[in-house]
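Note sheet for the following structure.
The values are calculated or read from the model by the stated rules, or taken from the named source; none is laboratory data. Computed from a predicted model, the values in this text were never measured in an experiment. Every residue, glycine among them, receives a Cβ derived from its backbone with ideal geometry; neighbour counts consider all protein chains shown. For the accessible areas, the whole protein counts, side chains as well, though only heavy atoms, and no ligand, DNA or RNA atoms are used. Shrake-Rupley method; radii C 1.70, N 1.55, O 1.52, S 1.80 Å.
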Amino acid sequence: HADRGKVRFLSHDDCDFTEDLARCQAFIGEASNEALGEAVYLRKPVLALLNEKQPEQRINAFYLTRFGLGHATSQRKFSVETLQNFLDSLGGFEQTLASTDRSGLAATLDAIECQLGGNWYAWQRQVA
């Protein structure tokens with residue numbers, strides 16, 4: 001770990017990631033689905049640093065900004081100005097995240113069921 005003022009740089013460690021994320025005020029890191037999903041679930045504003053060669057990260061960054069949950073920039077365009085703009089916007093992101101419904105499991109399962117044509121629940125019973 002390295003601290004620079006109010007910023008703490010952490011190495012990637014699967015064991016500590018969730019605990020570190022739960023304790024932080026905001027998340028600055030990759031725009032992967034898992035990282036953004038965990039940050040949003042824990043209601044942490046996100047500055048997503050996307051790898052433009054990864055279509056998944058571009059899609060994730062688009063929806064992150066569209067729903068007002070954070071900022072996104074490519075790794076090569078990241079700058080002090082980008083960071084300052086993100087930090088200046090934390091209050092707005094925190095308000096949006098506080099009102100975000102995190103109980104979408106039933107709606108998600110219904111959408112999957114619809115797409116799979118009624119076979120999802122039958123399959124779930126077989127593998128459980």
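Close amide-amide hydrogen proximity is noted between Glu52 and Gln75, each under 5 Å apart and 5 or more residues distant or on a separate chain (H modeled in the peptide plane; Pro and chain starts excluded).
Subtracting the Cα-Cα distance from 0.36 nm times the residue separation, let me have the gained length for Glu52 to Phe78 in nm, one decimal.
Details: separation 26, 0.36 × 26 = 9.36 nm, distance 1.24 nm.
Here the answer is 8.1 nm.
Accessible surface area normalised per residue over the stretch 42-121 is 65 Å², counting heavy atoms of protein chains with a 1.4 Å rolling probe. The share of accessible area on the stretch 28-106 that comes from carbon and sulfur is 51 percent, using a 1.4 angstrom probe.
Working from label points 7 Å from Cα in the Cα-to-Cβ sense, the Phe62 to Glu113 distance is 2.9 nm.
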